[in-house]
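Structure first, then comments.
Read-outs: derived from the displayed coordinates by stated rules, not from any lab. Worth saying up front: this structure is predicted, and the values here are computed from it rather than measured. Cβ sites come from the backbone with ideal geometry, for glycine too, and all protein chains shown count toward neighbours.
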Amino acid sequence: MIKIACIEYGSSGLRFNALAPGPVANRMIESLNRQRNPENPKEDEELIKSSVPMNRYGTNNEIAQLDLFLVSDESTYCNGGVFLADGDLTAE
């Protein structure tokens, strides 16, 4: 869908990019950890972190910084991309 939008509207100056975050330390992931392992959510957290090559969750700020870059004038030639912020999770 992003590629089609770029083809259709790119010449008018509109840019379309996708931001694809991995696990992020916030209330949503904490809730998921509690749902998957109500007795020991920390165990679930450690299991997920161990699957991420950087061995940690991302932060809301890290995702926001990438988002700010994509909407800034610093990224005017970025169009039609999927930008990962997943701690190398998909690199393996």
Checklist entry - In percent, how large is the relative contact order of segment 2-91, given Cα pairs closer than 8 Å and 6 or more residues apart? => result 44
Next on the checklist: As a test of the formula, what do you get for the chain when each DSSP H run with n ≥ 4 contributes -39,500 (n - 2.57) and the sum is divided by the residue count, at 222 nm and rounded to the nearest 500 deg cm²/dmol?
Outcome noted: -13000 deg cm²/dmol
Item to check | Residue-span extension gain [K42 to E74] - 0.36 nm each, minus C-alpha spacing | outcome: 7.7 nm
Checklist outcome for this item: By Cβ neighbour count within 10 Å, fewest first, V82, V24 rank V82, V24
Item to check | 0 to 90° range, to nearest 10: angle between helix 60-71 axis and the chain longest Cα axis | outcome: 10
Checklist entry - Using 0.36 nm per residue, how much length does the chain from A64 to S31 gain when fully extended, once their Cα-Cα distance is taken away? => result 9.8 nm
Checklist entry - In degrees, nearest 10, range 0 to 90: what is the angle between the Cα axis of helix 27-36 and the longest Cα principal axis of the chain? => result 50
Item to check | Listed residues I4, M54, A20: farthest to the positive end of the dipole of segment 2-91 (Cβ charges) | outcome: I4
Checklist entry - If you line up the long axis of helix 41-51 against the longest principal axis of the chain, both from Cα atoms, how many degrees apart are they, to the nearest 10? => result 50
Checklist outcome for this item: Checked against the structure, the computed Kirkwood radius over Cα pairs in Å among [x] 13.5; [y] 15.8; [z] 14.9 is the one labelled [z]
